[in-house]
Structures are given as C-alpha cells and as structure tokens.
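Student: Here it is, the structure in full.
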Amino acid sequence: MRLFILFLLSYGSFLQVSHSVELNELSYLTEQYPPYNFDQGEGVEGIAIDVLKSASEQAKSQVKLESVQVQPWPRAYRSALIKPDTVLFSTTRTQLREHIFQWAGPISKTRIVVLAKKSKNITVNQPMALAQYRIGVIRDDVGEQLLLELGVPRDSMVESSVPETLANQFVKDRIDLWAYEENVAKWWLKRGGYNTDEYEAVYVLSEGDLYFAFNLETDSNLVQQLQQGIDAIKKTTGESGRTLYQEIVSKYK
C-alpha cells in the first residue's frame, strides 16, 4: 500500500512537470475593451495587446496575435478561473480577485466609475443612493462586483455581456447609470456617434491597475517571465527616446 501511494505521488509530480508549457503556448483570452484590447475586424489590437506582444518578445517567447481569442467577458472570465494555462486580460486587480489568479503587470491605470448623463443632474453621495437607479453592468465585470461589494442590490442592475448594448441602452435612457471602466465606456459612446462631454462620472467605484490574470494552476515561472518582460519594456528606450511602453500607450491616445 505504501509503495502504491509513493507511486501515485511520483506520478502526480510527473504530470505536473509535463504540464509546463512555454509562454507562447498558453491560451490568451480577452474581450472588446478598447483602448486596451479589441478587434474591429482586422485582428486584435490595443494597449494590452501591444504590451503582451512586446513583453513576450523580451522574454524570448513571443505570443502570436492569432493565439489571442476575443470572447464575451463572462465566458472568458469563467474559462480563466477553471482552465490551466489560461491568461485573461485586461483584468482589474482587486482584493476580491487577488487570490484567485496569478498576476503580471500592471498594463495600465484604470478607473471604474458610475456614469450618468449630465442633463439628469444625478448626485450620488453614498453607495446605497445608487440602488434607486437602473444601473447597466457587464456580467462578472469588476463594475458589477464592486457594486455588489458595496451592498447595491442585484435587482437594481441591468446585466449584459455586450458593452455596445449597454451604451445604446444608456443613451436611450433604458438605464440611468452605467458602471464600467471610464475610458472604455467613453470609447463605446464615441464609437456610437455620441458626444462624451454630455456624460460624467457621478461616483468612483475604484481606481487601480489592469493586469494579465493567470489561472492558478499555470506554472508560476511563466508568470514571472511575462512580468520580467513587462518590466523590461518599461525601462528599455526606443527610437523616439521614450520607453517601449510609452510608445505603445501613445499610439492609442
């Protein structure tokens, strides 16, 4: 019996070792989250995409853009939680998520806000005041999670998997507020032909950073490789005299 147990332990260790892969062999999942990551029909692009490409190149294991899958956020989020060797981005690093992923980054600063039309003159002084409104959220997005943490009831929220849908509902007053990343929300409004100056943040849910979130069973050495690549592009100077990271960000301003 003892020999059998030792065999199982040895076999498990073998499986764990054989499970390791290269950085460019991992599965990368993302969503339509411009200007950080998006696909307008000509392939994936954005700040996070370029950071991934450049940082993995620094790590001598360049990730091919064809290996990045764009999916609705709820589907991608669940896949990253349960599938080894899966990386989800751009993911806001929060206390709630801290121990359910491994992290490499940051990719960029981020601000999660509750937006309203200026013409409605909505003022929010404390979180529970939000409960009286219809709030648009992306399912499993950080905006929804932060609202729930604050005690805002779920029945005050209108869920969707598609940010463009929420943008249209917001403009047409089918929802009163939109809890989302500020730059991304304004990108979708602008894409719809709407003037972003007509909207304002009435409550700030969180200010933090966007990261690459690795499934917990992914080899931590691969996480460290990408981290070192990110650190390198933030220090390495390009032809413009700016760092490689600064050159990336400037492309999407």
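The values are calculated or read from the model by the stated rules, or taken from the named source; none is laboratory data. Just so you know, these numbers come straight off a predicted model, no measurement behind them. Every residue, glycine among them, receives a Cβ derived from its backbone with ideal geometry; neighbour counts consider all protein chains shown. Just the protein is used for accessible areas: all its heavy atoms, side chains included, with ligands, DNA and RNA removed. Shrake-Rupley method; radii C 1.70, N 1.55, O 1.52, S 1.80 Å.
Student: Test of understanding: among Leu166, Leu177, which residue is touching a Gly at 6+ places or on another chain (Cβ under 8 Å), closer than 26 Å to Ala129 by Cα and touching a residue at least 40 places away in the same chain (Cβ under 8 Å)?
Tutor: Checking each option against the conditions leaves just Leu177.
Student: I'd like to check something: does region 180-192 contain any residue that is in a loop (DSSP other than H, G, I, E, B), in contact with a Ser or Thr (Cβ under 6 Å, 6 or more places away or on another chain), within 28 Å of Ser27 (Cα to Cα) and modelled with pLDDT of 95 or more?
Tutor: No - not one qualifying residue is present in region 180-192.
Student: Tell me, please, whether a residue that is in contact with an Asp or Glu (Cβ under 8 Å, 6 or more places away or on another chain) and open to solvent by 30 Å² or more (accessible area, probe 1.4 Å) can be found in region 195-218.
Tutor: yes
Student: Also, I was wondering about something else. Taking region 44-88, which residues are closer than 19 Å to Thr218 by Cα and acidic (Asp, Glu)?
Tutor: Passing the criteria: only Asp85.
Student: Output the residues belonging to region 225-250 that are surrounded by fewer than 16 Cβ atoms within 10 Å (Cβ to Cβ) and either of a type in the set (Lys, Arg) or closer than 12 Å to Ile107 by Cβ (or both).
Tutor: Listed by number, the residues that qualify are Lys234, Lys235, Arg242.
Student: With respect to the numbered conditions (1) within 23 Å of Ala80 (Cβ to Cβ); (2) open to solvent by less than 60 Å² (accessible area, probe 1.4 Å), which one is the sole condition not fulfilled by Asn183?
Tutor: Among (1) within 23 Å of Ala80 (Cβ to Cβ); (2) open to solvent by less than 60 Å² (accessible area, probe 1.4 Å), the lone unmet condition for Asn183 is (2).
Condition check ((1) free of Cβ contacts under 8 Å to residues at least 12 places away in the same chain; (2) under 17 Å from the mean Cα position of the chain (by Cα); (3) farther than 24 Å from Glu22 by Cβ) across all residues:
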{"site": "Tyr211", "(1), (2), (3)": "no, yes, no"}
{"site": "Gly229", "(1), (2), (3)": "no, no, no"}
{"site": "Gly241", "(1), (2), (3)": "yes, no, yes"}
{"site": "Gln246", "(1), (2), (3)": "yes, no, yes"}
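Student: Considering only region 58-95, state which residues are of a type in the set (Gly, Ala, Ser), farther than 20 Å from Asp209 by Cβ and free of Cβ contacts under 8 Å to residues at least 60 places away in the same chain.
Tutor: Ser67, Ser79
Student: Right, another one. Suppose we keep only residues that are touching a Ser or Thr at 6+ places or on another chain (Cβ under 6 Å) and of a type in the set (A, V, I, L, M) within region 83-137. Which one would you say is surrounded by the most Cβ atoms within 10 Å (Cβ to Cβ)?
Tutor: Residue satisfying both the conditions and the ranking: Ile107.
Student: Next up: Here's a check for you: in region 11-37, which residue that is among the hydrophobic types (A, V, I, L, M, F, W, C) and at pLDDT below 95 is least open to solvent (accessible area, probe 1.4 Å)?
Tutor: Applying the filter and picking the extreme gives Val21.
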